[in-house]
Amino acid sequence: MNLFLFINYHLPRQACCSCLSDSKMNFSELAKEDQDAWSETMLDHSYSWEEWMEARLTLLNLLQKDSKEAKEHAIRAYMACCAEAMKGMSPPAQLASSVEEFYKLYGMEESERSKSA
């Protein structure tokens with residue numbers, strides 16, 4: 001069973017962060033291969049489900065603010081890079097803060113102008 005399904009069906013609803021109800025965070029709308037890839041990425045790092053969701057929403061909001069968008073695989077790769085960069089830090093930085101800091105410093109190369117902008 002993939003991580004999304006496990007969390008969605010086995011954890012009490014209040015255990016999930018409030019951002020899960022946001023339409024941007026609706027993982028059930030992602031293609032199965034994206035859900036599986038996210039599961040693998042999350043399992044490779046010590047951050048919780050909620051931290052990944054908060055960080056993903058942070059990145060999506062930063063992109064939207066800059067009238068940009070990115071494909072799901074690029075978002076996942078960017079966040080995995082941020083998580084990897086934080087490995088070995090004691091205490092580990094919050095993933096959302098790291099994503100925001102990296103975005104402000106370096107931007108996101110694999111993003112593009114939003115079609116609706």
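Output the relative contact order of segment 50-117, whole-number percent, from Cα pairs under 8 angstrom with separation of 6+ residues.
Details: 57 pairs, mean separation 33.9, N = 68.
It comes to 50 percent, rounded to a whole number.
Full-extension gain between S28 and Q64, please, as 0.36 nm times their residue separation minus the C-alpha to C-alpha distance.
Details: separation 36, 0.36 × 36 = 12.96 nm, distance 2.13 nm.
The span from S28 to Q64 would gain 10.8 nm if fully extended.
At a 10 Å Cβ-Cβ cut-off, how would you order L105, L57, L95, fewest neighbours first?
Details: L105 7, L57 18, L95 25.
Listed from fewest to most nearby Cβ atoms, that is L105, L57, L95.
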Which listed pairs, of K65/K87; K68/K104; K32/K87; K32/K71; K32/K68; K32/K104, have C-alpha distances above 20 Å, in listed order: K65/K87; K32/K87; K32/K68; K32/K104
Taking all pairs of distinct alpha-carbon atoms in segment 50-117, Kirkwood radius in angstrom: 12.1 Å
Distant-in-sequence amide H partners of K68 (H built 1.01 Å from N, under 5 Å): S114
Candidate aspartates and glutamates - alpha carbon under 20 Å from K115, same-chain residues fewer than 8 apart omitted: D66, E69, E72
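Rule-based calculations on the coordinates, nothing more; no lab input. All figures in this text were calculated on a predicted structure; none of them were measured in a lab. Cβ atoms come from the backbone with ideal geometry, glycine included; neighbour counts cover every protein chain shown.
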